[in-house]
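Below is one structure, written out as structure tokens, with a few remarks after it.
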Amino acid sequence: MILIGQYDSPFVRRVAVTLHHYHMPFTRNPLSVFGDKKEVQAINPLLRVPILIIENGEQIVDSAAIIDHLDHVVGNARSLMPAHGPERRKVMQTCVLSTGCSDKVVSLFFERNFHSPKSISPELDARLSSQIKSTLDWLEQHCGTPWFNDHHMTQADVTIGCTLSHVKLRLPEFFPADAYPKLHALSRHCEMMPEFDAARIGANETVPKKL
Ligand SMILES: N[C@@H](CCC(=O)N[C@@H](CS)C(=O)NCC(=O)O)C(=O)O
């Protein structure tokens, strides 16, 4: 399998961590949605990563669709997504909130990175900031220990771990050291796992200053 995308994307990274967790071999093509626009858009008309090319050549886009495929391949006994019931709903909802938070972090970072301070909309900045902050507050409030769902590592941990490393990288002021004690502990716990270690952001995996 080939995973396309850079690890500074929380969406690409959560796919990589999941692949490593399931011990599924893959190679990575770290194409950039900025520097390699044509190549990425030839595969995904939305010009977004991650993209996973599976063994038969099929191309799957979107981290949720990719992880759903990987979960089916490993089967219920090994899947990071509980098979049914309230636990499945909780993990699903948590992943939706965590990836939604990452969407807002990407939007706010792009807004600030690609506009001059004069042309940034303060209203949009405030809206995105409140969406990020209130979602991190919700995650903190519902976070267990040592994992989000206490004793079981699930896809919620993979996804939140990647959301948090991305917030720290792009908008660290939203995740100060003296706030969110449970999320800081979860982030440290995740980053010590070999599957997270195997998906560290490379020094050259960056976003340009201009589109
Ligand atoms: N819902 C998608 C979101 C993917 C996404 O937003 N990827 C970003 C990288 S962090 C991207 O490719 N952005 C380029 C763009 O939308 O212009 C997923 O879960 O895969």
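Between N56, N44, N149, the GNM of the chain built on Cα springs shorter than 10 angstrom shows N56 fluctuating the most. For the chain, the equivalent ellipsoid derived from the Cα gyration tensor has semi-axes of 26, 24, 14 Å, listed largest first.
If you take all other residues with their beta carbon under 15 Å from the beta carbon of Q141, and give Lys and Arg +1 and Asp and Glu -1, the sum is 0. Once both labels are modelled 7 Å past Cα along the beta-carbon direction, what's the A203-F114 spacing in nm? Distance between label points: 2.8 nm. Of the chymotrypsin sites (Phe, Trp or Tyr not before Pro) found in region 26-112, no site is in coil according to DSSP while having at most 10 other Cβ atoms within 10 Å of its Cβ. Other residues lying with their Cβ under 14 Å from the Cβ of P122 contribute a combined charge of 0, Lys and Arg counting +1, Asp and Glu -1. Other residues whose C-beta falls under 15 angstrom from the C-beta of K210 contribute a net charge of +2, scoring Lys and Arg +1 and Asp and Glu -1. Remark: spin-label model distance E39-A185 equals 4.3 nm, labels positioned 7 Å along the Cα→Cβ axis.
Of the GluC sites (Glu not before Pro) found in region 1-89, those that fall in a DSSP loop while having at most 16 other beta-carbon atoms within 10 Å are E55, E58.
Quick note: the coordinates plus some simple rules give every number you see, no bench work behind them. Since the structure is predicted, the reported quantities are computational estimates derived from the model, not experimental observations. Note that we place each Cβ from the backbone using ideal geometry, even for glycine, and neighbour counts take in every protein chain shown.
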